[in-house]
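Every read-out reported here was derived from the displayed coordinates using simple, explicitly stated rules and does not represent laboratory data. Keep in mind that what you see is a predicted model, and the values were worked out from it rather than measured. Here the Cβ positions follow ideal geometry from the backbone for every residue, glycine too, while neighbour counts run over all protein chains shown.
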Amino acid sequence: MAIKYGKHTKKFDYSSKDVYKKNPEYWMVGLKEESVVYGYDWSEGKTEQPLPEDLDNIEINTHASTTMSGFISINYTYKNFKECATALKKQQANSL
């Protein structure tokens, strides 16, 4: 993402417990327990290169499957997200 859009607009590097910072071997435990957050964000209008016209935001987040393995996710938020969520809620309500 940095190659395509430039430096991230926000970095998430949070640990709710100091033990994860002082003992990096426990970092994956914190990630699995969701008390550690690590990722990057590219927001429309704040990047060095423009995001595609229909995108509002791109996030890369870290996750742990176990205390020994993990993965990343890439989330794209489109500009029409709110409208889509509203339409989905209406459709679900109509099916009740």
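Structure notes:
- Qualifying residues in the stretch 68-89 (those that are in a strand (DSSP E or B) and small (G, A, S)) - the one farthest from K4 (Cα to Cα): G70
- Total residues in the stretch 1-55, condition of a type in the set (S, T, Y) and more than 30 Å from E83 (Cβ to Cβ): 7
- A Cβ distance below 8 Å, combined with a sequence gap of six or more or placement on separate chains, defines the contacts here; from the stretch 26-38, residues that are on the phi < 0 side of the Ramachandran plot reach residues that are aromatic (F, W, Y) and outside any helix (DSSP H, G or I) in the pairs L31/Y38; V36/Y14; V37/F12; V37/Y14; Y38/F12; Y38/Y14.
- Restricted to the stretch 63-88, and to residues there that are touching a His at 6+ places or on another chain (Cβ under 9 Å) and not hydroxyl-bearing (S, T, Y), the residue that is surrounded by the fewest Cβ atoms within 10 Å (Cβ to Cβ) is F71.
- First in the stretch 48-67 and without any contact (Cβ under 8 Å) to a residue 60 or more places away in the chain and assigned to a loop (DSSP other than H, G, I, E, B), second anywhere and crowded, with 16+ Cβ neighbours inside 10 Å and of a type in the set (D, E), Cβ under 7 Å, 6 or more apart: L51/E44
- Checking L96 against (1) assigned to a helix (DSSP H, G or I); (2) over 18 Å from the mean Cα position of the chain (by Cα), the condition it does not meet: (1)
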